[in-house]
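The values are calculated or read from the model by the stated rules, or taken from the named source; none is laboratory data. If you're wondering where the values come from, they're calculated on a predicted model, not measured in any experiment. Please note: Cβ atoms are built from the backbone with ideal geometry, for glycine as well, and neighbour counts cover all protein chains shown.
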Amino acid sequence: MLHSVTDGVATVVIHHPAKRNAMTAGMWAALPPLLDTLAADPAVRTLVLTGEGGTFCAGADISTLRGSADEAQGLAVRAEDALAAFPKPTLAAVRGHCVGGGCQLAAACDLRFADEGALFGITPAKLGIVYAASSTRRLVSLVGPATAKYLLFSGELIDAERALRTCPGG
């Protein structure tokens, strides 16, 4: 994860371009302390989360997750919860794919801004992984129960236009 602070805006960049910015176990673990540092910085007035290059985040880099699925999911949920609890406004700037754990992170932000080519999807079910209960609750509160079920059960990728229709406030 890279970060910078300019004119009161902290920018955190998900940086793992070789894997379409998929989050490694180390990246999940590093996010909460980084957010604590930025929250304590009086120069930071807002936070923007984005991905390196043309992809926001392709989820979890499963090749780096050595523990159990529950342990890996716990790292992701702690990072998501830390982002949701960040005491200043948070924005997800989404380009390209925002999938699985990437959606967890985007949903944890106060606002999401997506370019026309952005694609969103909750695909863990395709790997036999159940989305965490806290992440599911956050998704339901953002898009409603029917759309959350559709996204979770289908694993379909939806474009930015459809995502906006699904979640006009976010």
Run down A125, A82, A72, A114 and say which single residue is surrounded by fewer than 16 Cβ atoms within 10 Å (Cβ to Cβ), touching a residue at least 24 places away in the same chain (Cβ under 8 Å) and aliphatic (A, V, I, L, M).
-> A125
Evaluate segment 148-157: report whether one residue or more is of a type in the set (S, T, Y) and part of a helix (DSSP H, G or I).
-> yes
In segment 137-147, the residues that are under 10 Å from A107 (Cβ atoms) and either in contact with a Gly (Cβ under 6 Å, 6 or more places away or on another chain) or buried (at least 18 other Cβ atoms within 10 Å of the Cβ) (or both) | R138, L139, L142, V143
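Okay, residues lined up against (1) part of a loop (DSSP other than H, G, I, E, B); (2) within 27 Å of A39 (Cβ to Cβ); (3) out of contact with any helix residue (DSSP H, G or I) (no Cβ under 6 Å at 6 or more places or on another chain); (4) at pLDDT below 90:
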position	(1), (2), (3), (4)
E80	no, yes, no, no
P87	yes, yes, no, no
F113	no, yes, yes, no
A125	no, no, yes, yes
So, of the residues in segment 28-62 that are over 13 Å from the mean Cα position of the chain (by Cα) and under 20 Å from I122 (Cβ atoms), which turns out to be modelled with the lowest pLDDT?
-> I62
Any chance segment 6-17 includes a residue that's within 20 Å of L111 (Cα to Cα) and free of Cβ contacts under 8 Å to residues at least 12 places away in the same chain?
-> yes
Scanning segment 113-127 residue by residue, those more than 23 Å from T90 (Cβ to Cβ) and over 14 Å from the mean Cα position of the chain (by Cα) turn out to be A125, K126, L127
Within segment 1-56, the residues that are under 17 Å from G102 (Cβ atoms), in a strand (DSSP E or B) and in contact with a Gly (Cβ under 8 Å, 6 or more places away or on another chain) are V13, I14, M23, G51
Checking P145 against (1) over 19 Å from H97 (Cβ atoms); (2) at pLDDT below 90; (3) more than 18 Å from the chain's Cα centre (by Cα), which test does it fail?
-> (2)
Looking only at segment 89-102, decide whether some residue is charged (D, E, K, R), surrounded by fewer than 17 Cβ atoms within 10 Å (Cβ to Cβ) and either out of contact with any Lys or Arg (no Cβ under 7 Å at 6 or more places or on another chain) or modelled with pLDDT of 95 or more (or both).
-> no
